[in-house]
1. Is one or more of the residues making up segment B:195-207 in contact with a Leu (Cβ under 7 Å, 6 or more places away or on another chain) and within 13 Å of chain A (Cβ to nearest Cβ)?
2. Just wondering, is there one or more residues in segment A:255-265 that are crowded, with 18+ Cβ neighbours inside 10 Å, away from every other protein chain (no Cβ under 11 Å), under 20 Å from A:C317 (Cα atoms) and not polar (S, T, N, Q)?
3. I'm checking my understanding of the structure. Among residues of segment B:219-248 that are closer than 18 Å to B:T4 by Cα and touching a strand residue (DSSP E or B) at 6+ places or on another chain (Cβ under 9 Å), which one is nearest to the other protein chains (Cβ to nearest Cβ)?
4. Could you tell me whether segment A:212-232 includes any residue that is farther than 30 Å from A:L67 by Cβ, away from every other protein chain (no Cβ under 14 Å) and either out of contact with any Phe, Trp or Tyr (no Cβ under 8 Å at 6 or more places or on another chain) or touching a residue at least 24 places away in the same chain (Cβ under 8 Å) (or both)?
5. Does segment B:159-170 include one or more residues that are without any contact (Cβ under 8 Å) to a residue 12 or more places away in the chain and assigned to a loop (DSSP other than H, G, I, E, B)?
6. Determine the pairs where a residue that is more than 15 Å from B:L219 (Cα to Cα) and in the same structural domain as B:Q54 (by TED's automatic domain parsing), located within segment B:117-140, has a partner that is in a helix (DSSP H, G or I) and among the small types (G, A, S) with Cβ atoms under 7 Å apart, the partner being 6 or more residues away or on another chain.
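The values are calculated or read from the model by the stated rules, or taken from the named source; none is laboratory data. Small disclaimer: the values here were computed from a predicted structure and weren't measured. Every residue, glycine among them, receives a Cβ derived from its backbone with ideal geometry; neighbour counts consider all protein chains shown.
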Amino acid sequence: MRVGLSRNRWRTEPRREGILARSHCPHRHSRLDRLGHELDHGMGLMEKRDRTLDSKTNEKRYVSDTLLSSLKVSRERAGANARSQITLALADLKNQNERSALMDYYDSIVRLQRGRVDEVDALRKAGGKVVGYLCMFVPVELICASGAVPLRLDSGFYCTVMPSEQLLPSEVCPVVKSFLGTAMLDLSPYLRLCDVLICPGSCGTKTKLSEILEDFVPIWRIEVPHYKDGLSTKLLWQHEISSLKSKLEKLTGQKITKRALRRSIEQIEEARGVFHRFRELGKFKSLPISGRDAMLVTQTMWYDDLERWTEKTRELCTELEKRIQDGVIVSHSEAPRIMLAGSPIIWPNWKLPNLIEESGAVIVCDDLCSGDQGILSDPVNVDEWTMQDMLAAIADRYLQPITCPCFAPNDKRLDKVARMVKDYRVDGVVYHQLRGCYIQKIEFSRIRSALRDLRTPVLGIETDYTQEDVGQLKTRIDAFLEMIQSAKQNA
Amino acid sequence: MVKTSSLRITSQTLSFIVINLAFLAPLYTGIPLAILSCNYLKIRIFDCFLYVLQEGLSTGSLAGTTYLYNFAAMVVVFVVMALLLGTAWCGWICPLGYVQDVLTKGRALSGIGYYRVPARIQRHVKLLKYVFLAAIVVISLGIALPNIRESKLRNTLFLPLCQVCPAKPLFLYLQILLGILPPTTQVPLLSIVILPIFLVGAIAIRRGWCIVCPNLGLLSLFHRLNAVSLFRRRERCTKCGTCTRVCAMDAPNDGIHGDVSRPECIRCFQCVEMCPGNASRTSYFFQRRILGSKFHAGRPVKKSVADRA
């Protein structure tokens, strides 16, 4: 009887396991897809487990409710401080002579109020998705192709460092501290609008940041391989990219088609063309735009609609090229030409560029991931416009040419710095080191010796998200520039 | 500025027309080219060197001194050609390569991806071309031995490559279709079986046949002496990995600089065209620079296929 029953059950039960089930799987086209599918499946389980964990134990969270409520008091003051930091940085920029009227557009975007924020908010209310990201390992092409709005959300606020120090040790780099503080104080208008935040695990602190931020916003992590020539590096990274694609598709509910992806790659390539036309201006003997304004233009791309940014920057290029013909310049042709390198300089932390340019030098180029080495520095080089090749090209672009010090070996960075020193005829390099950004500090000695071979002086500056060291920095920068000037006159 | 890839496809199309469609039939020269252009075509201008080689090795010693001198002259002509252009014959002229490139283009346009042979397999598979080359030479010499040359085995094994080469059915059937050859033309059965494998292989793997092609094996023996060279300058290279990805022959490019031409490089210069580094990849012909990569940004892209649809 029992045997018969079980036999019947075996017969009537749909066969779900084994080869048949696999052949019904919608993702059976390639090994990679299958792996992505398995990954998604695993991810779903993880999410489920996390949610149960969340509801059970509140104390497993990093940011407790008590901590958040204690911060509510200082929120008003911090908001006012952040606004005044932006206003002061903008006032410094507006004080420059011969500043182009077209810069108003960029000023309005980096004010981080109204305008663009309302626009994103309206988009979101209309059903659009907003995807925030940190670092420059996130393929913006994919986000654009999925129809979501990409926003890079690194933070440069000084006043938000303090509250996050209740959680993080003081040795942690201020970029991470400031961003976490922004989240804790709910100060960033864009973070509030984000449906999801993509956190690449570039350095140790960013990895942990992704864990803490889970208390505020849904997080997608990207595993960044640190050895580019590792055996499985390419495979791992390609899987990361394709799984990001399927996650984006799930978020927006629409498939990333070949057509959409191609269009977004071409759109970013167009923006890149304009960006490089703009950067070419730095090679002139006297510049039509100051270096800090140029950095502002570059960074505006993080927040703004890409098409509009491209249009506006094209207009700006046309005007600046006309200025060169007319001889309207903002910098003295004898002014020391400075290159910035090292840790990212994120709006509104415009302290260092302001100090350098107010002392009479001019920033002609930079080696910062927040500036020239950002998303628009290298192309997504597609050979065949098939989905496979586009994804492979995107994967290559967001790993291989990046010279973040989180990679080893990172010899390419030395070549890149040397090339920029030659191309932009740089007189001196200012190496910006944020306190706690240890990988940048480790690379400093190597970059210094590489630049010594080129007979280019370097000034290593260690600083933090604070206004306290401005006087001391000014003295050091003045001395450095004086040295360059005298060397130039002797030559 | 004309793109290298357009130049190449033009050169391939022209050679295909000249070599295989026999418009210039009365101009038969008898010169063996270092490419797989079939010798069985009714009207042709050039010979296939591998045919000449096989025939020479099998019958050379028996056919008298005039034939031997003739054969030696053919070999000299081939060596000069191999030294001048080397594997560029495969990338720019070979009609079999052209067919594969056209199929690849068609596949890419229809949006289907290709199969990338994993490096660890590729490393072993690409040695097959030398095995095939050695087999051709050994068999051709072997059937000239006194015991064998009288037996039935000689007829079975005579011209071993021509019995399997996909170029033979491909181009013969083409000429039959065009009415140049009579429909009764004999084609070896084995090569007819191999033809669909070749066609599917060319669609699935970029330049699939070339991985095992004995003609490329023969040419690549000269690759160190090749006059067409390919260089990479370390200080201009951004290490973006484009050259490795776009290489149809999957020639390993990572982590090397200086002379980066590999034995399997067919000098298609797709890597030079795609390289975003200014003068990072360059090509020289006898120390004279013929090509160099150019920095490109915001390259005017052709209107998307998507937009037209």
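1. Yes, segment B:195-207 contains a residue that is in contact with a Leu (Cβ under 7 Å, 6 or more places away or on another chain) and within 13 Å of chain A (Cβ to nearest Cβ).
2. No, segment A:255-265 contains no residue that is crowded, with 18+ Cβ neighbours inside 10 Å, away from every other protein chain (no Cβ under 11 Å), under 20 Å from A:C317 (Cα atoms) and not polar (S, T, N, Q).
3. B:C243
4. Checked segment A:212-232: at least one residue is farther than 30 Å from A:L67 by Cβ, away from every other protein chain (no Cβ under 14 Å) and either out of contact with any Phe, Trp or Tyr (no Cβ under 8 Å at 6 or more places or on another chain) or touching a residue at least 24 places away in the same chain (Cβ under 8 Å) (or both).
5. No: segment B:159-170 contains no residue that is without any contact (Cβ under 8 Å) to a residue 12 or more places away in the chain and assigned to a loop (DSSP other than H, G, I, E, B).
6. B:S140/B:S58
Okay, residues lined up against (1) in contact (Cβ under 8 Å) with a residue 24 or more places away in the chain; (2) surrounded by fewer than 19 Cβ atoms within 10 Å (Cβ to Cβ); (3) in a helix (DSSP H, G or I):
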position	(1), (2), (3)
B:R206	yes, no, no
B:C210	yes, no, yes
B:L225	yes, yes, no
B:K239	no, no, no
B:C243	yes, no, yes
B:P263	yes, no, no
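The rows are residues; the columns are (1) in a helix (DSSP H, G or I); (2) closer than 19 Å to A:I375 by Cα.
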site: A:R192; (1), (2): yes, no
site: A:K228; (1), (2): no, yes
site: A:L236; (1), (2): yes, no
site: A:H239; (1), (2): yes, no
site: A:S243; (1), (2): yes, no
site: A:Q254; (1), (2): no, no
